[in-house]
Amino acid sequence: MLKTRQQGVGAGSAYMIVSLGISGVLTYAFQSFAAHTLGKSGYGPLALLWSATFLTVQVLWIAGTQTLGRYVSERAARGEDWRPVVASVRRWQAGLAAAFVILAAAASPILTERVFQGHAWLSWAFIAAVVAYAPEYFRRGIFNGHRQFSRLGAQLVSEQTGRLVIAVVLLAAGMGVFGAAVAIVLAPIIGVLAVRPTPADPPQKEGEPFSAGRAARFAAPVLVCMAVAQAFANGGVILVSLLGGTLPQVSVFAAALILTRIPQYVLSPAVESLLPHASRILASEGRAAFERFVGRALGLVALVGLLMVAGTWPLGQWAVRLFAGSDFHASRGLLVMLAALAAFYLICDMLNQALFARGLARLAALAWVLGLPVAGASLALSGAGVMSRVALALLAGMVAVSLFQVAFYLLSGSRE
């Protein structure tokens, strides 16, 4: 009998944190090399492609990843046949990919004009990149479901390595933005081809029929949180373009946003890995122990956020020039707002885990949704320049999300 090489939760979290740390370094190396090579005017189109791609990818494909991760794992643990889950999600994802291609192709003139500032070929690169990530996220769900965390980490590192190597070669060959865009499109394909799942244990019994549509509803509140969070995290670059920002302004905003998000990118997986621990404490030690754990974790995250903002004030402008090039000039105020945005993102991520552990995922989703009109109102009322206006709106919305999360957490506790 074949045995699946599975890893425990602790080992899996360690693998993922290390893998994400390595992939983070490779991602920032890609962005830094592209910014230095393309310059302030050339980096803007690439930043727009990057932001649009990963905003869309997270919204479209994460549901399949989560569905596979949960139901493959559950069925495998019970010795039931998990293959209907895989087949159902594959059909669902293929249909979604086809619908996306049709709609995005029909909307390509609008994308070209409003998002990509007249670069028609970027619209098609965007469509190709989003579709290329479908099998990559599908494979992530398989790895999660079979607890093959080392392979999941290897896939992430392979993807980031492939993107960096292709970009370096093509940019050095003088292919400009097109070369970097090719690297973005090919990277997920490299990740999928480089690492395959190990054979899984054969099922011992058939199990119940599986419906992917019904199963996906379990993750709906989490997906709402993810979609809105991605809008706050990746939507700023696109907003600057939509509001009439020039390509050099898009470039500077993107470089500042990416740089200030480094601690967030590294620490978010660690924060999100706290959910199983928090749930176990609540179940085994009771509400008081859970509250102490949440308070300590939230205090630590808030301290990290404070240090992020404090470090950005004296060092941020120097760091942007080092990261992107000497012609990238971002104001200290813009950098501090973006650092605060990243800090509040971490705080909201931690509050999410506390709400999820208590079974309040719908309230967590509602808090994220309520942050959107706050951001919209700030965007409409602010008279600042386009970059500061977008940064202030995103920060206001994120602060509102955190306040709503705290309010829902406290009010729900008072009724228990």
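Every number here is computed from the coordinates shown, using simple stated rules; none is lab data. Keep in mind it's a predicted model, so treat the numbers as computed, not measured. In this analysis, Cβ positions are derived from the backbone assuming ideal geometry, glycine residues included, and neighbour counts consider all displayed protein chains.
Remarks
- Gain on full extension, evaluated as 0.36 nm per residue between residue 327 and residue 196 minus their Cα-Cα distance, stands at 42.9 nm.
- As a rough footprinting exposure proxy, the listed residues 261, 332 were ranked by other beta carbons within 10 Å of their own, and the order from fewest upward is 332, 261.
- Remark: region 217-416 projects, on average over all directions, an area of 11.5 nm² (convex hull of Cα atoms).
- Given R0 = 22 Å, the distance between the Cβ atoms of residue 362 and residue 18 translates into a calculated FRET efficiency of 0.05.
- The peptide list 309-317, 367-375, put in order of mean Cβ contacts within 10 Å with the highest first, becomes 367-375, 309-317.
- Stretchable slack from residue 382 to residue 243, in nm (0.36 nm times residue separation minus alpha-carbon distance): 48.8 nm
- Karplus (6.51, -1.76, 1.60) ³J(HN,Hα), θ = phi - 60°, over region 322-331, in Hz, Gly and Pro reported as x: 5, 6, 10, x, 5, 8, 8, 10, 10, 5
- Theoretical gain in end-to-end length, residue 99 to residue 189 [0.36 nm per residue, Cα-Cα removed]: 30.4 nm
- Top of 255, 35, 128 by mean-square fluctuation, Gaussian network on the chain, Cα under 10 Å: 128
- Relative contact order computed over the chain (Cα-Cα under 8 Å; 6+ residues apart), in percent: 22
- Largest GNM mean-square fluctuation across 54, 210, 328, computed for the chain with C-alpha springs under 10 Å, falls on 210.
- Computed from the alpha carbon positions, the gyration tensor of the chain leads to an equivalent ellipsoid with semi-axes of 33, 28, 20 Å, biggest first.
- Exposure proxy for 169, 228: other Cβ atoms within 10 Å of each Cβ, ordered fewest to most, give 169, 228.
- Radius 12 Å from Cβ of residue 86, net charge of other residues (Lys, Arg +1; Asp, Glu -1): +4
- Among 51, 378, 331, the ranking by other beta carbons within 10 Å of each residue's beta carbon, starting with the fewest, stands as 331, 378, 51.
- Average Cα contact separation per residue, region 139-200, under 8 Å, 6 or more apart, as relative contact order %: 42
- Result for the chain in a Gaussian network model with C-alpha springs under 10 Å: among 64, 397, 244, the largest mean-square fluctuation is at 244.
- Estimated vicinal HN-Hα couplings, Hz - region 145-156 in sequence order (Karplus 6.51, -1.76, 1.60; Gly, Pro = x): x, 9, 6, 9, 5, 5, 6, 4, x, 5, 5, 4
- Three-way shape call for region 1-210 based on the alpha-carbon gyration tensor, with the a/c threshold at 1.5: oblate
- Think of each Lys and Arg Cβ as +1 and each Asp and Glu Cβ as -1; about the Cα centre, that makes the dipole of the chain roughly 500 debye.
- Note that region 109-121 has calculated 3J(HN,Hα) couplings of x, 5, 4, 4, 6, 8, 9, 9, 6, x, 8, 4, 5 Hz, one per residue in order, obtained from phi through the Karplus relation 6.51 cos²θ - 1.76 cosθ + 1.60 (θ = phi - 60°); glycine and proline are x.
- Residues of region 359-380 with amide N under 17 Å of the 7 Å Cα→Cβ point at residue 407: 362-378
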